[in-house]
1. Which listed residue (Ile51, Ala79, Pro36) has the Cα farthest towards the positive end of the charge dipole for segment 8-109, taking +1 on Lys and Arg C-beta and -1 on Asp and Glu C-beta about the Cα centre?
2. On the accessible surface of the chain, probed at 1.4 Å, how many percent belong to carbon and sulfur atoms?
3. Sequence gap at least 6, Cα distance under 8 Å: using those rules, report the relative contact order of segment 8-109 to the nearest whole percent.
4. Can you bin segment 29-121 into rounded, prolate or oblate? Criterion: square roots of the alpha carbon gyration tensor eigenvalues sorted a ≥ b ≥ c, rounded for a/c under 1.5, prolate for a/b above b/c, oblate for the rest.
5. With +1 on each Lys and Arg Cβ and -1 on each Asp and Glu Cβ, how big is the dipole of segment 8-109 about its Cα centre, in debye rounded to the nearest 20?
6. Keeping every protein chain present and rolling a 1.4 Å probe, give me the accessible area per residue for the chain in Å².
7. With a 1.4 Å probe and every protein chain left in place, tell me how much accessible area Leu117 has, in Å² to the nearest 10.
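The values are calculated or read from the model by the stated rules, or taken from the named source; none is laboratory data. Remember, predicted model here, so these are calculated numbers, not experimental data. All Cβ positions, even for glycine, are placed from backbone atoms using ideal geometry, and neighbour counts span all protein chains on display. Side chains are part of the model used for accessible areas, which takes the heavy atoms of the whole protein and leaves out ligands, DNA and RNA. Shrake-Rupley method; radii C 1.70, N 1.55, O 1.52, S 1.80 Å.
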Amino acid sequence: MAYDDSNIFARILRGEIPCAKIYEDEFALAFSDIRPQAPTHILVIPKGQYISAADFNAQASDEELAGFYRALAYVAREAGVEESGYRLISNAGPDSHQEVPHFHVHILAGQKLGRMLGPPL
Ligand code: 5GP
């Protein structure tokens, strides 16, 4: 599957659509999810054009990989949720209901997050 650069996160990266930015560096952008599912719901995305974790981990340079994952840890730390705990989720493909085909990691925190999976839709 080819990367579709009309997806919403590509448009946010190009500055065509606003976002509530939390952190940005050379490798990553973090912003609040528009439909938060927990008191803290942050999306962290790489700057490069990757569809999924598998695509990113297979295709990105070592520098991009390190930069992205360091940014992810930094954002979680700065959000102040390390002590109370948080959950990282990255959906990929139809069974996961991935909505936006640009690799992203959700940081969810700020309440008891319950079981890892709810009932199937
Ligand atoms: P996915 O289901 O692909 O893992 O998650 C996509 C996430 O992107 C959803 O949680 C959804 O609320 C969020 N989202 C979709 N469109 C926008 C948008 O325009 N801005 C922001 N900040 N989040 C969005």
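1. Pro36
2. Values: 3930 of 7610 Å².
Whole-percent figure for carbon plus sulfur exposure: 52.
3. On the way: 147 pairs, mean separation 32.9, N = 102.
The value is 32 percent.
4. On the way: a/c = 2.04, a/b = 1.20, b/c = 1.70.
Oblate shape, in that a/c is at least 1.5 and b/c is the bigger or equal ratio.
5. 280
6. Numbers: 7610 Å² over 121 residues.
Per-residue accessible area for the chain comes out at 63 Å².
7. About 140 Å², rounded to the nearest 10.
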